[in-house]
Amino acid sequence: MKNRPATLMGDIFSLSFLLLVVILAMFLGLTPANLLLNFFYLGVSIFLVMMTYFFDLTAGLVLNLLFILLQGTLMLYLNVVRNQTVPLALAFWLFMPILLSITFYGMTYQLQQLQAENQKMHDEMVQLGAFDEETNLRTLVSYIQDASVFLETSRRYDLPVTTLVLKIRYFEEMRRMLTGEQMREVIKLVSETIKASTRGNDIVYILDRENLSWGVLLFTDLPGAKIVANRIKDQFAKQVENSVALKGTEVLLVVGIAAYDQKKMSSAYELMNAAAKETEYDV
């Protein structure tokens, strides 16, 4: 909820900027007689907006005030010295550039604030060990927390819950055979394949970076989980076959599946360990 004020302000500045753009387009359409003058001031406005964006609001406001001063001087000169009527275009362009600069800067500033807040949350999750920075997957810490929620939901609403644990077949041998780059490619392919082969409400985890293993929590029964497991293995085999870095190597996944049984299991660890045990029998 901390992002809500920044999001609201970002929306206000975005809508204000779009409204000004609409007004600008209407003005250009209604004053075709001042085409060259309008395009000149439009170019100046874009320049001022870019200066505000690339430097800061203070620099943009100073440049805009200088522009207004020059505009005001020109208007006084035409009106007093030359005794000419000031064109409507000059009066319009007196305020439009600074309004565009302020709203555009506000829109981009709020976006940067949101990005900074998201990065801060990401870093905090990494520090807490709940998020793996390389794969963008949740870790064992998150698995235990989330699985507790899954199990409680299963008990309360009688929903089937299963978990998958995935490992690399003959991992120790493969680790000695593969280079560091190839191992990183394996981690990337497995992580991406699992995410692409599961549903939006299935949660994917990397459980152990040292002895590589992944986990998936699913609201489904054993037959449904087996379909997901087979889909992951098939897709991963295709990804390995198409990978340049892993060309000529045989990297296979083993998958263990366990369904939650509230009569036999009392914790998330028991569910995970049951699935990990099943990987020994996957051939």
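The values are calculated or read from the model by the stated rules, or taken from the named source; none is laboratory data. Since the model is a prediction, treat every value here as computed from it, not as a measurement. Backbone-built Cβ (ideal geometry, glycine too); neighbour counts: all protein chains shown. Calculation scope for accessible area: heavy atoms of the full protein, side chains included, ligands and nucleic acids excluded. Shrake-Rupley method; radii C 1.70, N 1.55, O 1.52, S 1.80 Å.
Of all residues in the stretch 152-174, none satisfies being in contact with a helix residue (DSSP H, G or I) (Cβ under 7 Å, 6 or more places away or on another chain), in a helix (DSSP H, G or I) and modelled with pLDDT under 95. Residue 281 meets the conditions (1) of a type in the set (Phe, Trp, Tyr); (2) open to solvent by 20 Å² or more (accessible area, probe 1.4 Å); (3) under 28 Å from the mean Cα position of the chain (by Cα) in every case but one. The failed one is (3). Report whether or not residue 76 is under 39 Å from the mean Cα position of the chain (by Cα), surrounded by fewer than 13 Cβ atoms within 10 Å (Cβ to Cβ) and not in a loop (DSSP other than H, G, I, E, B). So residue 76 does not fit the description; no.
Surrounded by 13 or more Cβ atoms within 10 Å (Cβ to Cβ), within 21 Å of residue 112 (Cβ to Cβ) and either of a type in the set (Gly, Ala, Ser) or modelled with pLDDT under 85 (or both) - does that describe any residue in the stretch 14-32? The answer is yes, given that some residue of the stretch 14-32 is surrounded by 13 or more Cβ atoms within 10 Å (Cβ to Cβ), within 21 Å of residue 112 (Cβ to Cβ) and either of a type in the set (Gly, Ala, Ser) or modelled with pLDDT under 85 (or both).
Taking first residues from the stretch 180-200 that are touching a residue at least 12 places away in the same chain (Cβ under 8 Å) and partners that are assigned to a loop (DSSP other than H, G, I, E, B) and among the polar types (S, T, N, Q), the Cβ contacts under 6 Å between residues at least 6 apart in sequence or on separate chains come to 191/135. Scanning the stretch 145-164 for residues that are within 22 Å of residue 206 (Cα to Cα) and not acidic (Asp, Glu) gives 145, 147, 148, 149, 150, 151, 161, 162, 163, 164.
Considering (1) under 32 Å from the mean Cα position of the chain (by Cα); (2) modelled with pLDDT of 75 or more, the lone condition that residue 122 does not fulfil carries the number (2). Among the residues of the stretch 214-222, are any in contact (Cβ under 8 Å) with a residue 12 or more places away in the chain, in contact with a strand residue (DSSP E or B) (Cβ under 7 Å, 6 or more places away or on another chain) and surrounded by fewer than 18 Cβ atoms within 10 Å (Cβ to Cβ)? There is at least one residue in the stretch 214-222 that is in contact (Cβ under 8 Å) with a residue 12 or more places away in the chain, in contact with a strand residue (DSSP E or B) (Cβ under 7 Å, 6 or more places away or on another chain) and surrounded by fewer than 18 Cβ atoms within 10 Å (Cβ to Cβ).
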